[in-house]
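FYI, it's all coordinate maths here, none of it is from the lab. None of these values were measured; they are calculated from a predicted model. Cβ placement follows ideal geometry from the backbone for every residue including glycine, while neighbour counts extend to all protein chains displayed.
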């Protein structure tokens, strides 16, 4: 990308193959996947998406094979199939990222390319049951969901979980992973079609936002909620506090609906009360490893909505912005 | 109290001495202490403060001696000096109160009396270094503060703590107990006098709300906050999110300033990010025991602002509503 305006400004062109520095590997990418972040960058709607960051190769999610190794790398062998951890340079504290932390794909060149250069400790063996396309679909969203549910949300088998706004990339992984450990999962959406798709993924029920008093309906459907994992914010966040069980947890991951207009604090301390509101974003290397292990142990497969060739990244982004259905949008990368 | 309107409606009169039922003890009270709750009840500004609750003896905080024991009580001997846990019937789960839970002093007759009947497992040995007046000053506020700082807030030695609104009963205990384990404590107030009193109690610094951009000042004074313990809410709560360190905790205990008008959720998940907002109210029996042990181990003494005879409970409440200075208001109870 040489210009910030919209996905139409993406350019497909040859760039020199990167050379690995000490401690780095080059990955020949086989597949990549889109996140909202990538579209926001094309529109200049992301911190750091400014002309001085150009030109930039977008993309946080990708998988492929090791094609070259820099000095001092004794990690994955050449040809090894790997998936890339897009939470770059998180640092030493698993609780919080350090000063060098950033997400792959801005300011560093990302995965919408044939080759990428990353630190050797940022590649992990591809889960063996997944194709390259499937492996490319999971990193950013599954990492975020794993940390939200388990590291931060302390989710236990048999607990009741609400995932509002099913359809977003992270939300789909939240449903799938919460189901995998035997939680009861409920979703919300403005689309009955997406609620049906979530049920196919294992959700027990769902409520359309257009239902009158949807949060009361959701409360009576769930019987009270142990854990909500919220990427929406706004009045949805407020409703999630109201329908929590006493001592329940609300993990705050995103706020696509903006601020909470009026936060009634006694919901947090008195009624339902004793709530935990827990913020999270991306995850540590330990979270990334935990997520991959979880994906293997439970033999999970990501939901892939559509696949485009890399050359058609603009069309893929337009398709993402249409926002129909659930699941990831993958880019196939030519050999 | 036979009538709800204001502290002026309190009546000092003789009532029959209570008889202990099975599993109960009668305590001859030697001292009691005021909480805001008691004043709110006189004004009908508390849930359940309705005519059908009358007549009622107010008061949650009290200490005294065991004067009678019901069947099956093998706990404290007659004459033993005890302090009463005002969190009645919390239940079996230390994390959250059960259905029977309520605070002493409404709907149950409270401590502004010569005698009180309570379940035997709700009395605990008075910390030996405290007088009866001092012991009576601690239960409700110190229980709340202990749970907020330690059970919920996981406070560690050397961490930086902010206690806004110094002057309230709980806030004073928060400062004292955080200091006792070697935290750095900072306070806020609308009164320079109260800030000075907090410094005498061990606070390292404080900011007057009337200072322009007080929250920025507080951020640079503290260098970032590990734990805030908030009884104020409103814009103060919002400021506490802004000045937290990444991964910091904000314990929400009260909201005397009302709702948060616009909660910017990215403060919780992105910047500072990875925050915990933790609601709490009163505490479990385990918290009460932990608090008494903490008070003994650290040889703490509560700050007592003023003492009135029980007969002058109305004057004591009026004094509380004036709101000057920090510390508890105690009622001496005649033998």
Most fluctuating residue of A:81, A:204, A:13 in a GNM of chain A with Cα springs under 10 Å: which is it? A:13
Measuring from label point to label point, each 7 Å out along Cα→Cβ, what is the residue A:40 to residue A:129 span in nm? 3.2 nm
Could you list B:89, B:294 so that the one with the fewest beta carbons within 10 Å of its beta carbon is first and the one with the most is last? B:89, B:294
Which value in deg cm²/dmol, rounded to the nearest 500, describes the helix-derived mean residue ellipticity at 222 nm for chain A, given -39,500 (n - 2.57) per DSSP H run of n ≥ 4 and division by the residue count? -7000 deg cm²/dmol
Determine the equivalent ellipsoid of segment A:67-203 by diagonalising the alpha-carbon gyration tensor, then write out the semi-axes as square roots of 5 times the eigenvalues, largest first, rounded to whole Å. 31, 17, 15
Quick one: label points 7 angstrom along Cα→Cβ at residue B:125, distances to the other copies in nm, smallest first? 5.9
Calculate the FRET efficiency for residue A:220 and residue A:17 from the Cβ-Cβ distance with a Förster distance of 60 Å, rounded to the nearest 0.05. 0.55
On a 0 to 90° scale, report how tilted helix B:285-297 is relative to the longest principal axis of chain B, with both axes built from alpha carbons and the result rounded to the nearest 10. 80 degrees
Could you work out the per residue convex hull volume over the alpha carbons of segment A:274-335, in cubic angstrom? 184 Å³
Measuring nothing but label to label, 7 Å from Cα along Cα→Cβ, what are residue B:154's distances to the other copies in nm, shortest first? 0.8
At q = 0.06, 0.08, 0.10 Å⁻¹, what base-10 log of I(q)/I(0) does the Debye formula yield for the protein assembly as shown when every alpha carbon is treated as an equal point scatterer in vacuo? -0.41, -0.68, -0.94
Any number yet on Rg/Rh for segment A:1-90, C-alpha, Kirkwood? 1.01
When chain A is treated as a Gaussian network with springs between alpha carbons less than 10 Å apart, the largest mean-square fluctuation among A:261, A:78, A:159 is found at A:261
In whole µm²/s, the translational diffusion coefficient that Stokes-Einstein assigns to segment B:221-281, given a Kirkwood hydrodynamic radius over C-alpha pairs, 37 °C and 0.692 mPa s, equals 291 µm²/s
Residues A:269, A:115 arranged by fewest to most Cβ contacts within 10 Å: A:115, A:269
Give the value in nm², to one decimal: projected area of the alpha carbon convex hull of chain B, averaged over all directions. 16.5 nm²
Give the relative contact order (percent, whole number) for chain A; include only Cα pairs under 8 Å separated by 6+ residues. 19 percent
Two-decimal log10 I(q)/I(0) for segment B:143-279, as the Debye equation yields it once each C-alpha is a single scatterer, q = 0.12 Å⁻¹: -0.38
For residue A:80 and residue B:208, FRET efficiency with R0 = 51 Å and r from the beta-carbon atoms, rounded to 0.05? 0.25
Between copies, how far apart are the residue B:181 label points? List them in nm, one decimal, shortest first, with each point 7 Å from Cα toward Cβ, please? 2.6
Against the longest alpha carbon principal axis of chain B, how many degrees, from 0 to 90 and to the nearest 10, is the axis of helix B:313-322 turned? 10 degrees
Please compute P(r) over all alpha-carbon pairs of segment B:125-174, binned at 10 Å starting from zero, and give each bin as a whole-number percent. 23, 47, 28, 2
Please tell me the relative contact order of segment A:143-279 in percent, rounded to the nearest whole number, where contacts are Cα pairs under 8 Å and at least six residues apart. 22 percent
Quick note on A:227, B:54, A:218, ordering by fewest other C-beta atoms within 10 Å, gives B:54, A:218, A:227
Please work out the Cα center distance from segment A:145-197 to segment A:199-266, rounded to the nearest Å. 12 Å
Choice from A:220, A:242, A:67 with maximal GNM fluctuation in chain A (Cα, 10 Å cutoff): A:220
Expected unfolding gain across residue A:256-residue A:52 under the 0.36 nm per residue rule, minus the alpha-carbon gap, is 70.8 nm
Expressed as cubic angstrom per residue, what is the convex hull volume of the alpha carbon set of segment B:189-244? 83 Å³
Can you give me the convex hull volume of the Cα atoms of segment A:196-335, divided per residue and expressed in Å³? 162 Å³
